[in-house]
Amino acid sequence: MKAKPKLAVWKFASCDGCQLSLLDCEDELLAVADAVHIANFPEASRAVVKGPYDLSLVEGSITTAHDAERIHKIRRQSKTVITIGACATSGGIQALKNFADHTDLIRTVYAHPEYISTLPNSTPISDHIFVDYELRGCPINKEQLLEVVNAFLNGRKPAMPEHSVCLDCKLQGNLCVMVAHGTPCLGPVTHAGCGALCPSYNRGCYGCFGPKENANPRALTVHLQEMGVQRDELLRLYRSFNAYHSEFRKESERIEQE
Amino acid sequence: MERAELGHLIDVLQREGREVVGPIFRNQAIDIGPITTEADLPIGCVDEQERATYRLTRNGSARVFGFSEPAASFKPYIFPQRQRIAAFRREGRGFVDEHHEEPIPRLALFGVRACDLAAIAILDRILLEGPYVDESYRRRRESCFIVAVNCAQPGGTCFCASTQTGPNCTFGYDLVLTELHAKGNHRFLIEAGSPDGLEILEHLELSEPTDDDIDFARRQREHAADSMGREMNVHGLTELLNDNTQHSRWDDVASRCFNCTNCTLVCPTCFCATIEDTTSFDGKQAERWKRWDSCFTLDHSYVHGGAVRVSSRARYRQWLTHKFGTWKEQFGMLGCVGCGRCITWCPAGIDVVEEIEAIRGSDEKVREEVDHG
C-alpha cells in the first residue's frame, strides 16, 4: 500500500479560526485522517513528525522578520503549499495597519512599544513564496477546505469557482437584497465560496472572501453612493478582512483620495 | 369561471397528482414557489419595477394577478440550478455506473405569463429540437401542465409587446386564464389549449362568458399592450450588432458592469451550464454535476491555455450580441422575450433597451474580424 501523504498545518499572524475549520469537519474528519497522515498540526496533536511534507496548509499573514524567514523554511519542506483564509491570502484584518504609520499604532496600543518588533506591513504569503493554491475567506468554508484537500489527494482540479457571490445567491434561489430591499451588498464584487451566507439571511455581503476575478468595485461604489452610502461607510466596506487585496485596496485608496 | 372556483382548479390539479408551482409572496417580493392552496397566491400585491429596483406593496385589492412578472421565472423547475449527471464507483480495474435518474415530480406551472411561455418555447427549441436533446430537460418538460395567465399588468421594465411575445398568451399552454375584476364582478375567463386542458375543464364548474366579459378581456389586453414600461426597436438587430462589434458603447457599459452574472441567471432563456466533478476522499467514487453558469464568468470562456473573454467589455458584448443578434442566426428567433428581469435585477442598473438604443442611435459600423479580448 502506498504511504499516506503527509499533511502539515502552519500558523502565522491569524486567529486560528481557519485551521480550526479542519477540526470542525466532524463528519468528514475520519475520512481525512484515513487519507492523509497528519504530521504537524499543533492545534490537534502534540505529536510532530519531521518534514518533508506533501501538503502544507498555511494560515496567517507575515508581520514579523522572523516569520518572513520561517515561511521560506516551510516552502522548502513542502511539495504543495495551500494558503487558507483571508490573512494568508491578503494580509487579513491586521493589514489595516498597512494604511497607517505602524509606529504610531504600536505606541497607541502597547504600554511598552519598545518590546514590539514588527514589520510595517502585514502581507499575504504569496508576497514571500510561491503558493500552489489560495483558499479565500474569513474564515474559510470547511466544505471548500475539504474540496481542496480532496482534489489534491485525487490529482484533480478543485471545484472552486472565482465568480461573484451573486451567482451563488441565484443557485440558492435567493432574492437580490440590493434590488428588492435596497440593502448595500458587496456580493457583485466578492469572490464566491461562502454559499452566499449573509444574503441568504437578508444581510448584505461583507466581502469576507475578497474580490472576485475581474471585480469592478469602482462601479459598485457609484451605485452604493446613489443608494446613499456615505464615504466613511464605503471605506469600512472595502477595508475589512481583505482590505489589502488588490481591487478592494485600490478602490478604498481611491475613495480616500477623492 | 367564478373567482371562487380558482381554488377548486388548484385542488383538481393536485388531485391529478401534480405539484402546483406559481407566484408566491416571499421575502418582500413575488417569487415562484410551491402553491398548496389559493391562499398562497400573492392576492392584492402590486410591484413596482425599475432598473435595479423592485418594491412590493399590498393595496388591499382582491385581484389575484395584479402584479407584473415575478422575480424568478419557471426556469429552475425545468432547468434546475444543479443536477447530477453521472456517478461512478471504482471496482477492480474498472468502474461501475451508479447513476440513476431522479424521479421527476409531475408539475403544474401556474400563472405563467406570455413572456415566460415564450421563454419555455425558446428553451424547447434549443434543448429538445436541436441536434442534441437534453434528456433531463425533456423529462421535466413532459411532466409539466401549464396554466397560463394573460398579463393585465406589465411592469416598469417590461417590453414584451416589442419582442412580440406578449402580453397575451397565444400558444404553449394547457389552460389560460384572464382575470376579470371590475365593479364587484370578479371572474376568470378560462380557455383550454390542449386535450389535457380540456379534461381539467370538465372537473370545474363553469358558465358561458357574457359578451361583456369578452369585451372586458379584449380591452384589458389592449390596455396591457399599451402600458409597457419600455419599448425596443427590434428591427434588424442582428445586422446592427454584427456591424458594431467595436462600438465605443461596449467600453462605456463595461465601466458600469460588475460582471456579477445576475442578468443571465434571471433571464428565462439563458441556458448556460458548466460541469463540476467531485470525488470521495479515497478516490473510489466520482460524480459529475451540471450547474448554472453564465457568459459573465471567466471560466465560461476557458479553453485550453486560457479564457477567451477576459474583459468586462468582451463579456457584456457576448451576452448582448448573442441574446439579440447571433441567437437569431443560431436558433431562428430572438433570445429575448421582453420580460425585463435583466433590467430590474441588474444591481448596476444597466438597461438592455437603453444599451441597444445607444448603439442604434450612433451606428458606427465598426467591425473588425479579429478582436483580442
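Brief remarks follow.
- Under 19 Å of direct C-alpha separation, and excluding same-chain neighbours fewer than eight residues apart, A:Lys250 reaches these lysines: A:Lys97, A:Lys212.
- Projected label points at A:Ala65 and B:Arg93, each 7 Å from Cα along the beta carbon direction, are separated by 6.1 nanometres.
- Unit Cα scatterers, Debye sum, chain B: log10 I(q)/I(0) for q = 0.08, 0.09, 0.14 Å⁻¹: -0.46, -0.57, -1.23
- Cα pair distances of segment A:92-194 binned at 5 Å [whole percent]: 2, 9, 13, 14, 14, 12, 12, 11, 7, 3, 1
- FRET efficiency, B:Arg15 to B:Glu102 (Cβ-Cβ, R0 22 Å, nearest 0.05): 0.35
- Cleavage-rule hits (chymotrypsin sites (Phe, Trp or Tyr not before Pro)) in segment A:77-122: DSSP loop, at most 12 neighbouring Cβ within 10 angstrom: A:Tyr110
- Least to most buried among B:Thr321, B:Thr274, B:Thr269 (fewest other Cβ within 10 Å first): B:Thr274, B:Thr321, B:Thr269
- 32 Å Cα-Cα threshold exceeded, pairs from B:Lys183/B:Lys323; A:Lys4/A:Lys142; A:Lys157/B:Lys75; B:Lys75/B:Lys365; A:Lys2/A:Lys170: B:Lys183/B:Lys323; B:Lys75/B:Lys365; A:Lys2/A:Lys170
- For residues of A:153-163, the mean tally of beta carbons on other chains within 10 Å: 5
- Counted over all Cα-Cα pairs of segment A:165-257, pairs farther apart than 24 Å make up 12 percent.
- Cleavage-rule hits (GluC sites (Glu not before Pro)) in segment B:88-181: DSSP loop, at most 13 neighbouring Cβ within 10 angstrom: B:Glu98, B:Glu101, B:Glu129
- By DSSP, the beta bridges lying fully in segment A:6-153 are antiparallel in about 10 percent of cases.
- Normalised size of segment B:237-361, defined as Cα radius of gyration per 2.2 N^0.38 Å with N residues, equals 1.19.
- Whole-angstrom gap from segment B:304-361 to segment B:236-300, using each part's C-alpha centre: 11
- When only alpha carbons are used to place a centre, segment A:102-171 and segment B:111-163 end up 44 Å from one another.
- Cα gyration tensor shape for segment B:113-266, rounded if a/c is under 1.5, else prolate or oblate: oblate
- Here the calculated FRET efficiency for B:Arg221 and B:Glu329, from their Cβ-Cβ distance with R0 = 30 Å, stands at 0.40, rounded to the nearest 0.05.
- The largest-to-smallest principal axis extents of the Cα set in the protein assembly as shown are 92, 64, 53 Å.
- When chain A is described by a simple charge dipole with +1 on each Lys and Arg Cβ and -1 on each Asp and Glu Cβ, the residue from A:Pro120, A:His163, A:Val131 located farthest towards its positive end is A:Val131.
- The GluC sites (Glu not before Pro) of segment B:326-368 meeting both criteria, a DSSP state outside H, G, I, E and B (loop) and at most 10 other C-beta atoms within 10 angstrom of the site's C-beta, are B:Glu368.
- Convex hull projection area averaged over all views, chain A, Cα basis, nm²: 15.7
A short reminder: the numbers here are calculations on the coordinates, not readings from a lab. Here the structure is a predicted model, which is why all the values come from computation and not from measurement. Reconstructed Cβ throughout: ideal geometry from the backbone, glycine too, with neighbour counts over all protein chains shown.
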